[in-house]
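The values are calculated or read from the model by the stated rules, or taken from the named source; none is laboratory data. Computed from a predicted structure; not experimentally measured. Don't worry about glycine lacking a Cβ; one is built from the backbone with ideal geometry, like all the others, and counts go over all protein chains shown.
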Amino acid sequence: MKFPTQLLAITSLALLSLLGGGCASIVKGTTQPIPVSSDPTGADVKLDGNKVGQTPMSVEVKRKTDHLLTLEKAGYQSESVAITRNVGGAVFGNILAGGLVGWGVDAISGAQYNLTPATINIALKASTPAAAAEPASKSNAAIFIEELKKLDELHVAKQVSDEEYAKMRTSLIEKYSK
């Protein structure tokens, strides 16, 4: 009578591991805290255009997408930083240990990604009267995030292959990282 009990235990464990989610989802979660500071302190922090607080602070950012973080303070020039996602090492461990089911959970939830930069510290530059009179133009970081989002939409719509997507994303990162 031990055999059916052992078989039940093994089957239950296998089922539980399949339903338990991906490794990165459990270990890292679907968001990443990013400490944000500025000199001077007290700058408004906007994540994807929405005010989330003032520096110094830590902002919880969803791992699944790229983001634009902007710091604004009266008397200073606004500064924007692109927060981009990169595949984390947990993906490879997941495929080895948990198989495609665990990886699938992490891919859907975004837990397979790490965000960079991991911390943000910006020295804000004082505004000059001439800069204040100029119309605000989009920062390179804002343009970069827009282009990444357009590329993501093309990839989801299957208008570019996985290989083309990877090359184009790498090219964009190289272009705006200079």
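Summary table below
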read-out: Exclusive hit being modelled with pLDDT under 85 and either in a loop (DSSP other than H, G, I, E, B) or in contact with a His (Cβ under 9 Å, 6 or more places away or on another chain) (or both), set G42, G29; value: G29
read-out: Residue within the stretch 106-116 that is under 17 Å from the mean Cα position of the chain (by Cα), over 13 Å from D66 (Cβ atoms) and at pLDDT 55 or above present; value: yes
read-out: Long-range neighbours under 8 Å by Cβ, at least six apart or interchain, first residue farther than 16 Å from V36 by Cα within the stretch 56-67, second of a type in the set (F, W, Y) and part of a strand (DSSP E or B); value: R63/Y113; K64/Y113
read-out: Contacts under 7 angstrom Cβ, first residue in the stretch 157-170 being of a type in the set (V, I, T), partner part of a helix (DSSP H, G or I), 6 or more apart; value: V160/L154; V160/M168
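Listed here are the residues, each with its yes/no results for (1) in contact with a Gly (Cβ under 6 Å, 6 or more places away or on another chain); (2) modelled with pLDDT of 85 or more; (3) assigned to a loop (DSSP other than H, G, I, E, B).
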| residue | (1), (2), (3) |
| --- | --- |
| A136 | no, no, yes |
| A142 | no, yes, no |
| V160 | no, yes, yes |
| I173 | no, no, no |
